[in-house]
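The values are calculated or read from the model by the stated rules, or taken from the named source; none is laboratory data. Remember, predicted model here, so these are calculated numbers, not experimental data. Cβ atoms come from the backbone with ideal geometry, glycine included; neighbour counts cover every protein chain shown.
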Amino acid sequence: MKAAVVTEFNHPLVIEDRPIPEPAAGEVLVRLEACGLCHTDIHAARGDWPVKPTVPFIPGHEGVGIVEKLGAGVTDRFLGERVAIPWLGYACGECQYCVDGRETLCEQQLNSGYSHDGAFAEYATASAKFVVPVPHGVSAFDAAPLTCAGVTTYKALKVAKVAPLERVAIFGIGGLGHLAVQYARIMGGSVIAVDVEKEKLDLAIELGAEFAVNAAETDPVDGIQKLGGADVAVVLAASPKVFEQAFASLRRGGRLICVALPAEGTMSIPIFETVLKGISIIGSIVGTRQDVAEVFALHAAGHTKVIAETRDLADVNDSIEQVLSGSIPARLVFEFEPHLSDLTPELDLVK
């Protein structure tokens, strides 16, 4: 199989021919149809974060494909089923966090494309319990970005507890942000889109944002405060400065939702304003299997739209550069060659 492999941090990925992996007990083998390119994959390839992957490894945690083989003991998945391989590749199921519905905080978790080879490949293995079925009516192409970009922003807005008509500022309109705009609107929020690219702000307006603030032309703090301040600010841009701007844009009682993970890793927040204005600062990390299922259900019902462009896995390094340059409208998705089984109507594999 073809796979894009990180052989050394801060070096281009290498396209390699590798044997098709065998699913271990409790795993499934998935033939990939599509996999989105997430900024987390770029952080992984660069070794940006304190806990680094072990090289060599295959990134990719927005994989969608067809179950082709079952490992020993697997009874809850079936051959021919379309599933998604999300960031949360495994959790213990027994700790406090798993039991009370916060499995993404499990200290024993494994992450797809980070601690377990991911979906930048024609085939991947994954835990049968942690792949998520993709419902009828959701294409592999759309499901791929929803598997991380979608569920990450959906979960962030869930923990923000957005109330109807609250002003929700989305900092960073791109692969995650264009979906965050839609989820905020679904939850009843009045959306303020913040970005430095006019095209992305125009897209946000098309998708339901009521206001757009171009941070390249005006101070976003002033712009948002003139609207009365934000009740919720969701930060999707990987820059500590943006986190600080988002905090300063909040009105009294506001909630800062931290999602992006800048390599620098720190932000400066004033204690007096936090206390006197009753500001909440909340970290939000991806979502649970249930959150992924809800994201898919919303899309199947026609409530969301995925903006993405197709790329070939052989162009993975150019694709990374395009993401870093901000030159793409939203998400990039690697699509893999279809097989004859994709044309079997009874399995609903037609794209």
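Some points to look at:
- Subset of segment 1-14 (residues that are more than 14 Å from Ile320 (Cα to Cα) and not in a loop (DSSP other than H, G, I, E, B)): Lys2, Ala3
- Residues of segment 39-56 that turn out to be surrounded by fewer than 19 Cβ atoms within 10 Å (Cβ to Cβ) and touching a strand residue (DSSP E or B) at 6+ places or on another chain (Cβ under 7 Å), as a count: 2
- Here the condition is being more than 14 Å from Ala124 (Cα to Cα) and modelled with pLDDT of 95 or more; of Val67, Val51, Val30, Val74, it holds for Val74 alone.
- When we screen Gly36, Gly80, Gly71 for residues that are within 30 Å of Ile307 (Cα to Cα) and surrounded by 16 or more Cβ atoms within 10 Å (Cβ to Cβ), the only hit is Gly36.
- Within segment 308-322, the set of residues being buried (at least 18 other Cβ atoms within 10 Å of the Cβ) and not in a strand (DSSP E or B) comprises Leu313, Val316, Ser319, Ile320.
- So Thr288, is it touching an Asp or Glu at 6+ places or on another chain (Cβ under 8 Å) and within 30 Å of Thr147 (Cβ to Cβ): yes
- Whichever residue in segment 83-102 is among the aromatic types (Phe, Trp, Tyr) and not in a strand (DSSP E or B) and, among such residues, is surrounded by the fewest Cβ atoms within 10 Å (Cβ to Cβ): Tyr97
- Residue match in segment 8-29 (condition: in contact with an Asp or Glu (Cβ under 9 Å, 6 or more places away or on another chain) and surrounded by fewer than 14 Cβ atoms within 10 Å (Cβ to Cβ)): yes
- On inspection, Lys69 does not qualify as closer than 15 Å to Leu110 by Cβ, assigned by TED's automatic domain parsing to the domain that holds His116 and more than 18 Å from the chain's Cα centre (by Cα).
- Matching residues in segment 146-165 - criterion: being touching a helix residue (DSSP H, G or I) at 6+ places or on another chain (Cβ under 9 Å) and either over 18 Å from Asp195 (Cβ atoms) or charged (D, E, K, R) (or both): Leu146, Thr147, Cys148, Gly150, Val151, Tyr154, Lys155, Lys158, Ala160, Val162
Every residue, every condition in (1) assigned to a strand (DSSP E or B); (2) at positive phi, yes or no:
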{"position": "Gly254", "(1), (2)": "yes, no"}
{"position": "Leu261", "(1), (2)": "no, no"}
{"position": "Gly265", "(1), (2)": "no, yes"}
{"position": "Ile269", "(1), (2)": "no, no"}
{"position": "Phe272", "(1), (2)": "no, no"}
{"position": "Gly287", "(1), (2)": "no, no"}
{"position": "Leu298", "(1), (2)": "no, no"}
{"position": "Gly302", "(1), (2)": "no, yes"}
{"position": "Val306", "(1), (2)": "no, no"}
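- Test set (1) crowded, with 19+ Cβ neighbours inside 10 Å; (2) out of contact with any strand residue (DSSP E or B) (no Cβ under 7 Å at 6 or more places or on another chain); (3) basic (Lys, Arg) - Arg255 fails condition number: (2)
- Considering only residues in segment 211-238 that are surrounded by 16 or more Cβ atoms within 10 Å (Cβ to Cβ) and part of a loop (DSSP other than H, G, I, E, B), the one that is farthest from the chain's Cα centre (by Cα) turns out to be Leu227.
- Taking segment 28-47 as the range and being in a strand (DSSP E or B) and either small (Gly, Ala, Ser) or free of Cβ contacts under 8 Å to residues at least 24 places away in the same chain (or both) as the test, the residues that pass are Ala34, Gly36.
Yes/no matrix, rows are residues, columns are (1) touching a Lys or Arg at 6+ places or on another chain (Cβ under 7 Å); (2) farther than 27 Å from Lys158 by Cα; (3) touching a residue at least 40 places away in the same chain (Cβ under 8 Å):
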residue	(1), (2), (3)
Glu62	no, no, yes
Ala91	no, no, no
Tyr97	no, no, no
Cys106	no, no, no
Gln109	no, no, no
Tyr123	yes, yes, yes
